[in-house]
Amino acid sequence: QVQVVESGGGLVQPGGSLRLSCAASRNIFSILVMAWYRQAPGKQRELVAAITREGSAHYADSVEGRFTISTDNARNTVYLQMNSLKPESTAVYYCNASMGQLGYWGQGTQVAVSS
């Protein structure tokens, strides 16, 4: 099992930046894929970005070039750097740790983009 805890959400103006953190309870080398999802009000949860333990990153088309996923293995933490934020980025952002057939979710962190 693994527990993940997100932090770093908040209110930001359009065009601004935020960095989300996801702290895992175990060495992230043992986790196949770490990913960020988001869920906006009234919408389904969607994949934002993912990174494999080998370091291969994948992004949703809507965030490509603006968001960056990265890891700090010493801190067992995954980050999501979000730049040039748009109002449509407003959502609860969730961290997911995939151990093959099992996935573990955090409680989410709220991001609101508004002027």
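The values are calculated or read from the model by the stated rules, or taken from the named source; none is laboratory data. Note that the structure is predicted; figures quoted are calculated from it, not measured. Using ideal geometry, Cβ is built from the backbone for each residue, glycine included, and neighbour counts are taken over all protein chains shown. Note: accessible area is taken over every heavy atom of the protein model, side chains too, but ligands, DNA and RNA are not part of it. Shrake-Rupley method; radii C 1.70, N 1.55, O 1.52, S 1.80 Å.
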Exercise. Does residue 33 fit the bill of being touching a Phe, Trp or Tyr at 6+ places or on another chain (Cβ under 9 Å) and farther than 21 Å from residue 114 by Cβ?
Worked result: no
Exercise. Would you pick out the residues in segment 40-96 that are among the aromatic types (Phe, Trp, Tyr) and touching an Asp or Glu at 6+ places or on another chain (Cβ under 8 Å)?
Worked result: 79, 93, 94
Exercise. If only one of 59, 37 is surrounded by fewer than 20 Cβ atoms within 10 Å (Cβ to Cβ), without any contact (Cβ under 8 Å) to a residue 60 or more places away in the chain and among the aromatic types (Phe, Trp, Tyr), which one is it?
Worked result: 59
Problem set entry | segment 70-92, residues that are farther than 23 Å from residue 27 by Cβ and touching a Leu at 6+ places or on another chain (Cβ under 6 Å) | 82
Seminar exercise, completed: Matching residues in segment 84-108 (among the small types (Gly, Ala, Ser) and open to solvent by 40 Å² or more (accessible area, probe 1.4 Å)) number 3
Problem set entry | Qualifying residue in segment 104-113 (condition: touching a Pro at 6+ places or on another chain (Cβ under 8 Å) and modelled with pLDDT of 95 or more) | yes
For this session: Restricting attention to segment 6-49, report how many residues are in a strand (DSSP E or B) and not small (Gly, Ala, Ser).
Result: 16
Exercise. Of all residues in segment 43-70, which are farther than 19 Å from residue 9 by Cβ and more than 11 Å from the chain's Cα centre (by Cα)?
Worked result: 44, 52, 53, 54, 55, 56, 57, 58, 61, 64, 65
For this session: Mind listing whichever residues of segment 62-83 are buried (at least 18 other Cβ atoms within 10 Å of the Cβ) and either in contact (Cβ under 8 Å) with a residue 40 or more places away in the chain or assigned to a strand (DSSP E or B) (or both)?
Result: 67, 69, 71, 76, 77, 78, 79, 80, 82
For this session: Kindly list, by first and then second residue, each pair from a residue in segment 1-17 that is over 8 Å from residue 109 (Cα atoms) to a residue that is acidic (Asp, Glu), limited to pairs with Cβ atoms under 7 Å and residues at least 6 apart or on different chains.
Result: none
Seminar exercise, completed: Taking segment 1-25 and keeping residues surrounded by 17 or more Cβ atoms within 10 Å (Cβ to Cβ) and either touching a Lys or Arg at 6+ places or on another chain (Cβ under 8 Å) or farther than 15 Å from residue 68 by Cα (or both) leaves 2, 4, 6, 9, 12, 23, 24
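Which ones in segment 2-44 are aromatic (Phe, Trp, Tyr) and in contact with a strand residue (DSSP E or B) (Cβ under 7 Å, 6 or more places away or on another chain)? It would help to see each step written out before you state the result.
Restricting attention to segment 2-44, the residues satisfying the condition of being aromatic (Phe, Trp, Tyr) are 29, 36-37.
Answer for segment 2-44, where residues must be aromatic (Phe, Trp, Tyr) and in contact with a strand residue (DSSP E or B) (Cβ under 7 Å, 6 or more places away or on another chain): 36, 37.
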